[in-house]
2 protein chains.
Amino acid sequence: MYIINKYSDIVIFILLGNLYGRGASDNKAPVLAWIHAVEAYQALSMDLPVNVKFVIEGMEETGSNGLDAMIMAQRDTFFSEVDYIIISDCGWLSRHPALTYGTRGNCYFFAEVEGPKQDLHSGVYGGTVIEPMTDLIGILDTLISPSGKILIPGIREAVAPLSDEEWKMYQDIQFDMDNYKDKIGVNQLMYSNKVDLLAHMWRYPTVSIHGIEGAFSDPGTKTVIPAKVTAKFSIRQVPDMDPAMVKKQVTDYLHSVFAKRKSPNKLKVTMVIGAKPWLADTHHPLYEAGKVAIKRGHSVLTGVHPKPSGISSNNNNNFLVMIMITLVFWMAVFSFPYITVSSRQRL
Amino acid sequence: MYIINKYSDIVIFILLGNLYGRGASDNKAPVLAWIHAVEAYQALSMDLPVNVKFVIEGMEETGSNGLDAMIMAQRDTFFSEVDYIIISDCGWLSRHPALTYGTRGNCYFFAEVEGPKQDLHSGVYGGTVIEPMTDLIGILDTLISPSGKILIPGIREAVAPLSDEEWKMYQDIQFDMDNYKDKIGVNQLMYSNKVDLLAHMWRYPTVSIHGIEGAFSDPGTKTVIPAKVTAKFSIRQVPDMDPAMVKKQVTDYLHSVFAKRKSPNKLKVTMVIGAKPWLADTHHPLYEAGKVAIKRGHSVLTGVHPKPSGISSNNNNNFLVMIMITLVFWMAVFSFPYITVSSRQRL
């Protein structure tokens, strides 16, 4: 525990067998679980059936800068005899165990509107200049409809419609919408039925607007006309989407809606992240072994044999690393979640 | 100079007779000018024709907290024998001297959209929740058209149209549009003719969107779905407008456009500043004296007798104080600008 806690800002404590503390579920507990597995073999004086190497990295939330370079550098040394990689940074959908076999990619955009050469006082200049902030709000409002429909031509069309087989699979997945609503703290979700909701969580692209840089974002009031404002928004990528194509679709579209405004301000659209979705082969021996392990483990713990539901879950930097490892080493990467839906995580 | 510089963060220096330094034009130089006038009388061993009291306050940009209370507290002491008040915190429109006889007021709004109980990860929740940021962008986009037309019903209608007499007055005002564009650093203004531009600078209401609190506003990327976002925007007030009415118009309108989105999120609209416009009587003896003084001063300096153009200029906290002084003491307040259009000010 010491090593894992060494760089933590908040102490972890154990209460009635549960682990509490910042980062307990994301991702100290899953890391500990693997260490405990090795410890169990040691305590029983048994030989491990496989050789185990750990890579523990704690900078995911700030971009894991240097991780990819480290992996590349260790390709022929630390990683040289590695056959399989397991990452445990994902969660179950419900209280039933689940395996993650895919993750959405992410195209992250900056849309910058630049106008006057410096910030202006709205009391003096308001009404005389065409404000970059008004322009930016105007084009952001054309990205997505109130009901969640992406308005950028071509984005939605690139993705195959839900097949009957998929519909059936989604319908069979155990998922409690009320529990999900309670967890988030909303009384209405984007879709009111399970299949639509899960499909938009996993297999359709989505748009999120994260914020605006350059405008007044502090508490209180300031009567400024910001001279240059940059919106940050992202489109989650799913199979059939090509980030290069999405970049062109978004850029062309925003420039076309901006042109209609006839504004003298300048628009610059940049795609700063272009990550493809990741999809594993669920029939790979690693996944088959994972299914058996989960069934056996939960049989011992709960006395039942739950069916692992294969889900595609969140995108994060670890998944980017998984994709990279897959591409670089052509090794099977397996995502083995330990986190239940009820665990509380903070960004 | 010592007293004025004591609290300044950047040293003022004099080069070829010009004063350089942070706050030189706003507002150390105008303050110094009045002090020098008194010094001139003293140097010439002449009695001042009037008694002069100075109120120097340096916290305007952070709201001048306490200034109004101080003025009220000094009503029967420091201010008891004051007949006229002169404030020199405004500017000329061009290189010709000008007197300010009015200022726009300001209704400053917070529009808060609240959704999930905490920020969410767009990789996990994107597509399942109706995001407060999307809702906020949607309603902000209904405030003003790309061409500057205020879309809130009743706002524009409350203001009297430009009369022929006003049109003539605006047409006669010396104002160089190219110089103005250069100063701001834009190649196109909201209106391409002088009268429209000046009218929207002074006598029509305008909307500015200042920024959004609660969303991601730092450099770089963050894949957050903000749970609660608050937009800051303001509407400059002009004669015929009533802040109480504007509050109702804006609140009703935003709630009506928000209702059309059928969002489960909560909207709260608050007017945090409701300042009326200020308009002086330009035939008051104080203004007549000001006109004579400007004519005489510039005659001496430049050899010409420019006609002071009466303008209504910016709104700032000093003007709020002027309004308050007018209301409390019923004293004539006179705004006497020293700052030319070419001076560079920073917010």
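The values are calculated or read from the model by the stated rules, or taken from the named source; none is laboratory data. Bear in mind that the values here come from a model prediction, so they are computed numbers and not experimental data. Cβ: placed from backbone, ideal geometry, glycine included. Neighbour counts: every protein chain shown.
Take A:Ala244 and decide whether it is among the small types (Gly, Ala, Ser) and away from every other protein chain (no Cβ under 14 Å). Talk me through it step by step, then tell me what you get.
On the way: among the small types (Gly, Ala, Ser): yes; away from every other protein chain (no Cβ under 14 Å): yes.
Spelling it out, A:Ala244 is indeed among the small types (Gly, Ala, Ser) and away from every other protein chain (no Cβ under 14 Å).
Of all the listed residues (A:Lys228, A:Lys295), the sole one being farther than 24 Å from B:Met133 by Cα and among the charged types (D, E, K, R) is A:Lys295. Filtering segment B:27-53 to residues that are surrounded by 10 or more Cβ atoms within 10 Å (Cβ to Cβ) and acidic (Asp, Glu) leaves only B:Glu39. Only one of the numbered conditions (1) among the hydrophobic types (A, V, I, L, M, F, W, C); (2) out of contact with any Phe, Trp or Tyr (no Cβ under 8 Å at 6 or more places or on another chain); (3) at pLDDT 80 or above; (4) surrounded by fewer than 16 Cβ atoms within 10 Å (Cβ to Cβ) is not met by A:Val272, and that is (2).
Checked against the criteria, B:Leu254 counts as part of a helix (DSSP H, G or I) and surrounded by 14 or more Cβ atoms within 10 Å (Cβ to Cβ).
Take segment B:131-152 and flag every residue that is of a type outside the set (Ser, Thr, Tyr) and crowded, with 22+ Cβ neighbours inside 10 Å. Within segment B:131-152, B:Glu131, B:Pro132, B:Met133, B:Asp135, B:Leu136, B:Ile137, B:Ile139, B:Leu140, B:Leu143, B:Ile144 qualify.
Within segment B:210-220, identify whether any single residue is more than 7 Å from chain A (Cβ to nearest Cβ), over 12 Å from A:Thr128 (Cα atoms), at pLDDT below 95 and not in a loop (DSSP other than H, G, I, E, B), and answer yes or no. No, there is no match, as no residue in segment B:210-220 is more than 7 Å from chain A (Cβ to nearest Cβ), over 12 Å from A:Thr128 (Cα atoms), at pLDDT below 95 and not in a loop (DSSP other than H, G, I, E, B).
Considering every residue within segment A:120-139, establish whether at least one is within 14 Å of chain B (Cβ to nearest Cβ), in a loop (DSSP other than H, G, I, E, B), free of Cβ contacts under 8 Å to residues at least 12 places away in the same chain and charged (D, E, K, R). Talk me through it step by step, then tell me what you get.
In the first step, residues of segment A:120-139 are kept if they are within 14 Å of chain B (Cβ to nearest Cβ); the result is A:120-139.
Those still in the list that are in a loop (DSSP other than H, G, I, E, B) too: A:126-131.
Adding the requirement that they be free of Cβ contacts under 8 Å to residues at least 12 places away in the same chain leaves A:127-128.
If we keep only those that are charged (D, E, K, R) too, we end up with none.
The answer is no; no qualifying residue exists.
Just one of the numbered conditions (1) of a type in the set (Ser, Thr, Tyr); (2) within 12 Å of chain A (Cβ to nearest Cβ); (3) surrounded by fewer than 18 Cβ atoms within 10 Å (Cβ to Cβ) is not true of B:Ser163: (2).
As for segment B:67-82, it holds no residue that is within 12 Å of another protein chain (Cβ to nearest Cβ) and surrounded by 15 or more Cβ atoms within 10 Å (Cβ to Cβ). The set of residues from segment B:243-300 being under 28 Å from B:Trp92 (Cα atoms) and among the aromatic types (Phe, Trp, Tyr) comprises B:Trp278, B:Tyr287. Selection within segment B:140-164: residues that are in contact (Cβ under 8 Å) with a residue 12 or more places away in the chain and in a helix (DSSP H, G or I). The member of this set that is nearest to A:Ala199 (Cα to Cα) is B:Leu140.
Which one of B:Met271, B:Met190 is in a strand (DSSP E or B), outside the structural domain of B:Gly91 (by TED's automatic domain parsing), of a type in the set (A, V, I, L, M, F, W, C) and touching a Ser or Thr at 6+ places or on another chain (Cβ under 9 Å)?
Values: B:Met190 fails: in a strand (DSSP E or B).
Answer to the selection: B:Met271.
Of B:Asp218, B:Asp281, all but one fail to be within 25 Å of the chain's Cα centre (by Cα) and surrounded by fewer than 16 Cβ atoms within 10 Å (Cβ to Cβ); the exception is B:Asp281.
Filtered by the rule that a residue be of a type in the set (Val, Ile, Thr) and either closer than 13 Å to B:Cys107 by Cβ or loosely packed, with under 14 Cβ neighbours inside 10 Å (or both), segment B:257-269 gives a lone residue, B:Val269. When segment A:181-209 is filtered for residues that are over 28 Å from A:Met245 (Cβ atoms), aliphatic (A, V, I, L, M) and more than 7 Å from every other protein chain (Cβ to nearest Cβ), nothing remains. When the residues of segment B:107-119 are filtered to those that are more than 7 Å from every other protein chain (Cβ to nearest Cβ) and surrounded by 23 or more Cβ atoms within 10 Å (Cβ to Cβ), the one that is modelled with the lowest pLDDT is B:Cys107.
Go over the candidates B:Ala259, B:Ala244 one by one and state the one that is assigned by TED's automatic domain parsing to the domain that holds B:Gly138, among the hydrophobic types (A, V, I, L, M, F, W, C) and touching a residue at least 24 places away in the same chain (Cβ under 8 Å). First the steps, then the outcome.
Numbers: B:Ala259 fails: touching a residue at least 24 places away in the same chain (Cβ under 8 Å).
None of the other options fit; the residue is B:Ala244.
Consider segment A:223-240 and keep the residues that are farther than 19 Å from B:Pro219 by Cβ and facing chain B (nearest Cβ under 7 Å). The one that is nearest to the chain's Cα centre (by Cα) is A:Arg236.
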